[in-house]
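Structure record follows, encoded as structure tokens.
What follows is calculated from the coordinates using simple rules that are stated; it is not laboratory data. Nothing here was measured: the structure is a model prediction, and the numbers come from that model. Backbone-built Cβ (ideal geometry, glycine too); neighbour counts: all protein chains shown.
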Amino acid sequence: MATTKKNPVKIAVFNQKGGVAKTTTVFNMAGILAKSGAKVLVIDADPQANVSSSLLFENISEYDRKYGTSGQMLKNAKTLRDIAERPSCINDAIIKAKFMIQDKTKPKWRGVDVIPANSMMFDMPPLEDPDDEESGMVIAHALEQIRRTRGHMYEYDYILFDLPPHLGELTISILAAVNYILVPASVDSYSLAGFGELMNTVNFLVSSKRNPDLSVIGIFFTMMQATPYYISLYNETMEALGDTFIQSTIRQNVYAKKASECGCPLCWLKRNSGITKDYINLTEEVLRRCGKLGEDEHLPNLTDPKDNYTNYLLSR
Ligand SMILES: Nc1ncnc2c1ncn2[C@@H]1O[C@H](COP(=O)(O)OP(=O)(O)OP(=O)(O)O)[C@@H](O)[C@H]1O
Ligand SMILES: [Mg+2]
């Protein structure tokens, strides 16, 4: 049977500031996109490996049971460190994430794959070789090999990168490989610090023809609260940034942490809660800005009346 080659939308979730919900956003957007029928690859570029641990929560416990180890799976995994050395090994690095979304059912693959990170990435060898112009394009070349060597089953609609909170060589080579950057920000007077430097990097990548089509989807506020301070900062930032500001916000809510800790994205764990709706609104706005969803269109399948896993997990 002939297969159609998809061209995935590649999004890097990035802010130089730490702790602004980059990882939480990747984890929950991946869940929402997959639940609405897309195939998603999450690539963890942060040696802290937080999104790897959340997405592979069930895989890791299964691995530990099978091999009698504790937390060894990520240590043995192939990561971007291996891929930077040998781009063709990208296909061996992909793991199917399993989620358990209902009590007493087996964890199942639901459309999200992961290339995990581990602590070996703290010690990445230099990527950029001044004598080799192509060295900064190593991640872009590796991503092309996913499409070439994998069959239709593995063709992704979206590739999401979870980046560490600094603009190092790995981050820059990822920004050279993606279509879009999405910037979460916390609501404080430092929230835009570093944004100018990011824009300079984007302009450099565009003007040097390393990635002429790179664009910033926008900045959005996370951990928002309905207090006068937050609201006035929100209004000031919206005015200052114009179209770069995404009006959807993510409220502060304890379920953000709970979902990551129990390895079940919010759209399954707390499908009707306010924070889940915030992430659905954000994802839809992101897709509109990427030309993947019409103005009045919505993502399908985001409510599931059979979903009863929430109470079980929350009582653990
Ligand atoms: N909407 C939210 N409400 C409450 N807590 C949140 C929310 N979003 C994220 N958090 C919590 O804030 C902390 C930081 O989030 P996260 O790890 O996603 O940030 P990050 O930007 O990826 O951090 P780093 O820069 O270290 O990679 C985590 O403990 C997370 O559970
Ligand atoms: Mg993170």
With the cut-off at 21 Å, tell me which of the pairs Lys39/Lys75; Lys17/Lys257; Lys258/Lys292; Lys75/Lys258; Lys35/Lys277 have Cα atoms farther apart than that. Lys39/Lys75; Lys258/Lys292; Lys75/Lys258
Would you work out if the range 235-299 is rounded, prolate or oblate? Take a ≥ b ≥ c from the square roots of the eigenvalues of the alpha-carbon gyration tensor; rounded if a/c is under 1.5, else prolate when a/b is larger than b/c, oblate otherwise. oblate
Determine the gain in length on full extension of the stretch Ala193-Leu241; use 0.36 nm per residue of separation and subtract their C-alpha separation, reporting nm with one decimal. 16.0 nm
Ranking Gly71, Gln48, Asn28 by how far each Cα lies towards the positive end of the charge dipole of the range 1-75 (+1 on Lys and Arg Cβ, -1 on Asp and Glu Cβ), the top one is Asn28
Quick one: among Pro116, Pro228, Pro300, which has the greatest mean-square fluctuation in a GNM of the chain with alpha-carbon springs under 10 angstrom? Pro228
Using +1 on the beta carbon of Lys and Arg, -1 on that of Asp and Glu, and nothing else charged, what's the dipole of the chain about the Cα centre, debye to 20? 1500 debye
Using θ = phi - 60° and the Karplus relation 6.51 cos²θ - 1.76 cosθ + 1.60, list the HN-Hα couplings for the range 242-247 in order, rounded to whole Hz, with x at every Gly or Pro. x, 5, 6, 8, 8, 6
So how do Cys290, Cys267 line up by other beta-carbon neighbours within 10 Å, fewest first? Cys290, Cys267
Among Phe204, Asn91, Ile172, the residue whose Cα sits farthest towards the positive end of the charge dipole of the range 9-314, when +1 is placed on the Cβ of each Lys and Arg and -1 on the Cβ of each Asp and Glu, is Asn91
Neighbouring Cβ atoms within 10 Å as the yardstick, rank Cys262, Cys89 fewest first. Cys89, Cys262
Using only Cα positions of the chain, each an equal point scatterer, no hydration layer, compute I(q)/I(0) via Debye at q = 0.13, 0.15 Å⁻¹ and quote the log10 values to two decimals. -0.96, -1.30
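Among Val9, Val206, rank each residue by its count of other Cβ atoms within 10 Å, from fewest to most, as a rough exposure measure.
Fewest-to-most Cβ neighbours within 10 Å comes out as Val206, Val9.
Need one number: % antiparallel among DSSP beta bridges in the chain, to the nearest 5.
Here the share of antiparallel DSSP bridges comes out near 15 percent.
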